[in-house]
1. Relative to the Cα centre, what is the charge dipole magnitude of segment B:16-115, using +1 at the beta carbon of each Lys and Arg, -1 at the beta carbon of each Asp and Glu, and rounding to the nearest 20 debye?
2. I need the Kirkwood Rh of segment A:211-562: take the reciprocal of the average 1/r across all distinct C-alpha pairs and report it in angstrom.
3. Within segment A:179-228, list the trypsin sites (Lys or Arg not before Pro) lying in a DSSP loop whose Cβ has at most 11 other Cβ atoms in a 10 Å radius.
4. What does segment A:486-527 give for Rg and for Dmax, in Å, if only its C-alpha atoms count?
5. With a ≥ b ≥ c the root eigenvalues of the C-alpha gyration tensor of chain B, is it rounded (a/c under 1.5), prolate (a/b larger than b/c) or oblate?
6. Along the Cα→Cβ direction, 7 angstrom out, place labels at A:Lys290 and A:Leu242. What is the inter-label distance in nm?
7. At q = 0.10, 0.13, 0.21 Å⁻¹, what is the base-10 log of I(q)/I(0) for segment A:161-261 according to the Debye formula with one equal point scatterer per Cα and no solvent? Please give it to two decimals.
8. Which percent, to the nearest 5, of DSSP beta bridges fully inside the protein assembly as shown are antiparallel?
Amino acid sequence: MIELTINNIKVKAEDGMTILEAAKSVGISIPTLCHMKDLVPSGACRICSVEVEGYRNLIPSCAYPVSGGMVVDTNSPRVRRARKTIVELLVENHPQDCLICVRNKNCELQDLSERYGIREHRFAGESKAHAVDISSASLERDPAKCILCGRCVRACHEVQKVCAIDFTNRGFKSTVTTPFNIGLNASDCILCGQCILVCPTAALREKSSLKTVSTALLSKEKYTIVQVAPAVRATLGEEYHLPLGTDVTGKLVAGLRRLGFKKVFDTNFAADLTIWEEATELINRIQTDKPLPMFTSCCPGWVKYIEHNYPDMLKHVSTCKSPHEMEGAVAKTYYAKKLGISPKDIFVVSIMPCTVKKFESTRPELSEESHPDVDAVLTTRELVRFFNIAGVDFADLGDDQFDNPLGESTGAAAIFGASGGVMEAALRMAYFKLTGNHLENVELEQVRGLEGLKEASFYINGKEINIAVVNGIGNVGPVLDDLRAGKSKYHFIEVMACPGGCVNGGGQPIHQKTEKVMKRMKVLYDIDKKMSNRRSYENESIKTLYKEYFKEPGSHISHEILHTHYHPRGK
Amino acid sequence: MHKEILESYPKNDKSTLIPLLQDIQSVYGYLPQEAINDIAMHTGLSRSRVYGVATFYNQFRLTPLGENIIRVCRGTACHVKNSANLLYSLENTLKIKAGDTTRDKKFTLETVACIGACSIAPVITVNDDYYGRITTKDIPNIIKKYQGKPKTEKQTKETVGA
Ligand code: SF4
Ligand code: SF4
Ligand code: SF4
Ligand code: FES
Ligand code: FES
């Protein structure tokens, strides 16, 4: 323990704490921009500067450790002036279009400008002219709005380890961009959107599909179907100031109905269906000496990553389409026939926690007779905007229920949105298929939580099955290197590109805290716990689906409609 | 060509980046895209980082140099004498920005800080020739001098298509 003084307050701090942390512990707030919790401070922006007795220069508090007897002033006139100048320079070099900006009222630069009372343009000068990169189906990059805090670069390099973007040039010409400044669509960016979650401004944002969706809803010819991913119900409440970790499934369904969708279906249905197919594929691979380990294929960010970086390993990826693509495919085949509607008149919208799913839905192989399985993808954030435009007062909505048959699901499907969930759900089913017995203790604690690599081993019918869960694409490199070197001991590996899984997806509400991720995960595990059916093979609607249409998992027709293939992509 | 240079450096040593970039640039006169990719593979750095470093330092070029190098002085004395206008005029005439090379590889346009000829500001240089106290009106004539024999239309098309 160390004692120091901050703004005349005696503060007890732990050894190794930064001034920033020590100040926070006694309710003193210091602004930050480049600082990222859990990463080594870069000290780049200086907005967190404070005065420390005995030092001539201002000290960046995010990067400076406390020491005994230190006397700190976080609010001296000099500090305030320095901060204000930094903010003024940033504001001056930034487009002045808050009123029409997607991050209006959710922007750290706006907050700083307000906090330091910027009321005039003191430094008016040349401002940056940059083209917006709208080349990808998922993300937009607007370098004019970039304040060069570097958080996206660090998320991409240090957390995701994709390293798709970096600082280039210097001085006035400095920008964050891809190698050779090519469009994101042509780069090896996996479009996970983790950079959006950390960006303080609108320099990085999703490509919006709101117009497409509202047009479809107004069209007389289109039969509009909407589906919701498991992870959205765990986070949407945050945008309406409901307590963190509120399950808003019922309100979500009610809200979507008000938007005018003909059917409100649940991606959880297709998550169960995925498990039927994937568990069957796994058992088949184990029993017939096909390539092992098998990787899950639910996460299109992960799929894009392996296509770019380890194309020689693609045969290890399950051929199952991701759940929302399966849901769309079933809607446009089985369900279309049931309704007697042509698939071309059905418009499927997915509400997803994910930015990559937008790109995924444009993959040509994910379609039935040239109709895409999914026509448009909205992120959680876009849905909030849609509700606002439509005057849906979300917090006051009552509870409603998903439509059937593509709305029934089990607890196993609910947990897909948390890292480890797909693994857990698949094992519940595989165990049954291999032994004929129900797995009694369905909760596999070993694969839950936020660790980067989670491992477990089981004996099923006397055979050892080794599994691994890769939480966050930044942790997958060593696993793939081992596999390439012929040293992998696993049979089955789940990979989710976003740290924590889809609850922390790039389309989710903007947030900065790891604690939030755990609370969001808990929502999904609680839903699972409350269900009477917790194993995918207990889903009655899916049993009917196989009886009436697909015959059995892995059948010829299910291969045609529920499975896909992958392409090597350039590095 | 650059493969041999790469091999003379240890693999996965991130500290070799700058000397590597220098050596390879000295072979080509610039850093071709492919070389950047190979340097990334060799040093174990990401491609975006190598590209970022290469664009950070003024000594590195990402585009090949043209036959003639035009430098516009942007030092204080020249600035006061409107060298910015000379630059815009050159950019418009050559249809490139400072730092770039024309498609036919005839000209590279650069800006420099004071070139020590303030007494005849504003100054531009083409290769080793100095042009002082000039205005935008002089630009077309200066360029013409270095253009070499005028190209036939067909040739021009070919270069554009290439
Ligand atoms: S979307 Fe993901 S991979 Fe692409 S730049 Fe952002 S963090 Fe990197
Ligand atoms: S794009 Fe956003 S996160 Fe990245 S450097 Fe610019 S302002 Fe920071
Ligand atoms: S983890 Fe989920 S949200 Fe993130 S890229 Fe994968 S599917 Fe999308
Ligand atoms: S937040 Fe401390 S230097 Fe940027
Ligand atoms: S400022 Fe141009 S030559 Fe000195």
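Readers should treat all values here as calculations from the given coordinates under stated rules, not as data from a laboratory. Just so it is clear, the model here is predicted, and its values are computed rather than measured. For neighbour counting, all protein chains shown are included, and Cβ atoms are generated from backbone atoms with ideal geometry for every residue, glycine included.
1. Values: 11 positive and 8 negative charges, 66 e Å.
Dipole size: approximately 320 debye.
2. Hydrodynamic radius (Kirkwood, Cα pairs) of segment A:211-562 is 20.2 Å.
3. Numbers: sites: A:Arg205, A:Lys207, A:Lys211, A:Lys220, A:Lys222; in loops: A:Lys207, A:Lys220, A:Lys222.
Here the sparse-neighbourhood loop sites are A:Lys220.
4. Considering segment A:486-527 through its Cα atoms, Rg and Dmax are 13.6, 40 Å.
5. oblate
6. If labels sit at A:Lys290 and A:Leu242, their model points lie 4.0 nm apart.
7. For segment A:161-261, the Cα-only Debye profile gives -0.48, -0.74, -1.14.
8. 55
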